[in-house]
Amino acid sequence: MKRITHKIRFDQRLFLYIFFIFFLFSLIVSIFQYQREKQFRVESLEIQLSNYNTFLNNYLSSNTFTNSNIDSLVALFPNPQTRVTILNNDGSVFYDSYVAHNKQLENHLSRPEIQQALKNDFGSAIRHSSSTGEDFFYVAKKYSHYFIRSALPYNMTLNEMLKANPKFFYFMLIMFLITVVSLIQISNRIGKSISQLRDFAQNAENDNEMDREHNFTNDELGEISAYIVEIYKRLRGTKNDLYKEREKLFKHLQITQEGLAIFSADKKEILSNSHFLQFFDVISDIPLTSSNEVFAIPEISPIKEFITTNLLDENKDSNLHSESIKVEKNGHSFMVRCIVFQDNNFEISINNITQQERENQLKRQLTQNISHELKTPVSSIQGYMETIIANPDLDPEKLRFFIDRSYYQSVRLTQLLQDISLLNKIDEATNLFEREMVYVNEIICDVLNDVSLEITKKNIAIETNLEQIILLRGNRSLLYSVFRNLVDNSITYAGENLTIGIQCYREDESFFYFRYYDTGVGVSEEHLSRLFERFYRIDQGRSRKMGGTGLGLAIVKNAILFHQGTIIARNRMEGGLEFLFTLKKENDIDN
């Protein structure tokens, strides 16, 4: 069947054909008329200046030539700007109305208008005068003994006079517009019935929307056209449903975090998403430019062998065949899986399981740490209780000692469980922490009051710089934990006879900036980056002996993150440990 390849409708083409012909005709007529009228005005001016020349020649033929007589005669010309020049046959100038009579002018025989007059007895030119420095319209005429040349300055006035009358162009423009409007009406009327069916066919070919009703003619062609439209609409509805499902699939491929590509039996890419090449670029030693290059990566050789084996197997059943491998390279872990379909097309997917592996490792480490931390107090309590049970006649002082130690370990166990519960709550259930307007100054005062006995016992001095009111929207309990754990950390590990400082040293539109420090023993540089890790201890034995849970600074960091702040630790040049952290203000914290 012959394909319809027209770009525009029939009525439009009909209009354009006639429009082009009329436009070309109007343009030719306008240009011709313009040149004709312009030539007419030039000829009129030439005749006028030529008449001046004839008038002067008649005068000179019957009168004696003197400069004053010619000046008087030129003064009678209607245009006072008329320039008159009289030349001998050899081109020498013996009179010029624009130049002083005593001034000698150069020979004018080479002037264009004089050269024309030599050949044809008449010549004209528009040019620049080297004598006066102005532009002139010259008309020269040769007589028996001399040349007479008349000229007018070629200025704006003369230029406008030589232009064609625009009335004719206005008339042509009006006629052109009237003709265009008439052409539009005629072409629409002629081409409507023919172009309607062609439009439908063209739109169907280009897969354009066609929701409007088509009023075809009431004849056999109209009935056939109506049937075609109805069948097309049904097919289009089915196609749209398939297209929507296809779009869902493509969108899923693009937004999924899984790299996915489908290949033909000859290992040519059919489709893929962006993650596919990104993940394989990490595995590959060189950047990949196309999905087909993944088969050259040595790390997925098992997948390649699996594909080759299944493509050569002519007796494979209808079940899907798949193979999965784990690839670890460049600090990342990936799970690569291949599925071979019945038609020998196959799919390769790749998942970045690096974070999952790290989380699993962290969970294992956390579980081990929790188990290890819980084991110590539980074992101690169990040992003391077994001793008491096994020795009913135990000395009262020893019995009291074992009971006190068991109580101490139970308190430590309770603190450990509370800290673990608090950290889990911050990580997984932040919505359970209510926010309210909190005065940080009051929280710091409460903390210092609660630890006043320990501070006095270890001869610790407190320096605070909290003169301004520090008001923010946050959780009072978590903010208390921040300052309490920092102070407890100094009391427990920094030593005695030291100073603790708490300052709000800066604020801006978004944050309060805090500085907490002590003048104690500090920590080694290699430990600074790990201070906020859960259960991390600088000295395992010393920390447990002093009763710490190993979670205090982890709670501090997570509580500050809850308030959208940051925290760092560093050693002070003067000695001791320093923490710099921020807390976000009320207007920047989301409800």
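Any read-out appearing in this document is the output of simple, stated calculations on the displayed coordinates, not a laboratory observation. Here the structure is a predicted model, which is why all the values come from computation and not from measurement. Positions of Cβ are backbone-derived with ideal geometry, glycine not excepted, and every protein chain shown enters the neighbour counts.
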Expected unfolding gain across N391-I231 under the 0.36 nm per residue rule, minus the alpha-carbon gap, is 47.7 nm
How large is the charge dipole for segment 433-588, taken about the Cα centre, if only the Cβ atoms of Lys, Arg (+1) and Asp, Glu (-1) carry charge, to the nearest 20 debye?
580
Starting from the Cα of T566, step 7 Å along the direction of its Cβ; do the same at L118; then give the gap between the two resulting points in nm.
9.2
Order by neighbour count: T354, T66, fewest other Cβ atoms within 10 Å first, most last.
T66, T354
List the GluC sites (Glu not before Pro) within segment 257-357 that fall in a DSSP loop (any state other than H, G, I, E or B) and whose Cβ has at most 13 other Cβ atoms within 10 Å.
E314
Here the FRET efficiency for L109 versus I31, based on Cβ atoms and R0 = 22 Å and rounded to 0.05, is 0.05
Please compute the modelled spin-label separation between E305 and Y513, points set 7 Å along Cα→Cβ, answer in nm with one decimal.
6.1
What's the FRET efficiency of N330 with E463 using the Cβ-Cβ distance as r and R₀ = 35 Å, to the nearest 0.05?
0.10
For a 19 Å ceiling on Cα separation, which of these pairs sit above it: K251/K326; K119/K142; K38/K167?
K251/K326
Sorted on mean Cβ neighbours within 10 Å (highest first), peptides 47-57, 554-564 come out as 554-564, 47-57
Could you tell me which of F19, F40, V29 has its Cα farthest along the dipole of segment 13-162 towards the positive end, charges placed at Cβ (Lys, Arg +1; Asp, Glu -1), taken about the Cα centre?
F19
